[in-house]
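Here's the structure we're looking at; comments come further down.
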Ligand SMILES: [Zn+2]
């Protein structure tokens, strides 16, 4: 007989920072083997949590929620943690592998929400008459063709956190400036320099402190997997990417040129020459049956 397990992570709500914190607490209470910590804080001083599963020698990093309107990747990672944890505690198999075996082989670090400030804007968690909300609105007024708040990807300062990494940052700057993103914006502003934003710096420093063999950056959307930066070819990266593609049905492909620089994955590959992936999860639905998916992917 199956044990009766209550679901902790909801997949049918706008996934705010408050829900994230509550879910992490409850997961930790339910699955004592999870280790929880913080990589640093956001502009508005929210702690950016990480969750560690497993105690193996091999270290792996997943992160999501770096682009505010892609917060569904936070839900995705939290649900994955819940499913993996349940499989470990019930001694079950997950995706064909004994969960306990994975637990002993790998130390998996998951940072489900790199951009909690931006996500609170897009998930409707802010009072409309608050100064914080008005500040976002002020920035967005200069970009009338980007819908507000749904089109917001940046952090509170209007910097795109996935254009902050020291991997051909100047080229990212050249491209985005030529597109008109020369100042704080809902998306695509690279900042004044690399790593000026606390969220990007926290992710950078956390990575330097570890010895990650592989990283996955979760974004939306398009059902695509990116694995390259310039002409780097980290050993095994292509094979692993092909495996991911086969398993998921996603397409292993090239990054569009204008998005090829200054992302976390780009820096990870450049700095370590190890497999680093961006996964563009899911696809926009034409119907409005699923509110969450149809409204918020971009
Ligand atoms: Zn993204």
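Hydrodynamic analysis of the chain uses the Kirkwood radius over alpha carbon pairs. Inserted into Stokes-Einstein at 37 °C and 0.692 mPa s, it gives a translational diffusion coefficient of 168 µm²/s. The value of relative contact order for the chain, using C-alpha pairs under 8 Å at least six residues apart, is 20 percent. Using a simple spin-label model with pseudo-atoms 7 Å out from Cα toward Cβ, residue 254 and residue 233 lie 1.5 nm apart. Here the extension length gained between residue 95 and residue 223 equals 44.2 nm, from 0.36 nm per residue of separation less the Cα-Cα distance. Label sites at residue 29 and residue 105, each approximated as a point 7 angstrom past Cα along Cα to Cβ, lie 3.4 nm apart. Annotation for segment 166-220 versus segment 36-60: alpha-carbon center distance of 19 Å. Could I have the simple spin-label model distance between residue 13 and residue 147, label points 7 Å from Cα toward Cβ, reported in nm to one decimal? Spacing of the two 7 Å Cα→Cβ label points: 2.4 nm.
Placing a label point 7 Å from the Cα of residue 273 along the Cα-to-Cβ line, the residues of segment 211-233 whose backbone N sits under 11 Å from it are 232-233. Working ranking of peptides 76-82, 138-144, 39-45 by packing, defined as the average number of other Cβ atoms within 10 Å per residue, highest first, is 76-82, 39-45, 138-144.
Computed from the coordinates by the stated procedures, all read-outs in this text should not be read as laboratory data. These numbers were taken from a predicted model, which means no experiment stands behind them. Every residue, glycine as well, gets a Cβ built from its backbone with ideal geometry; the counts of neighbours run over all protein chains shown.
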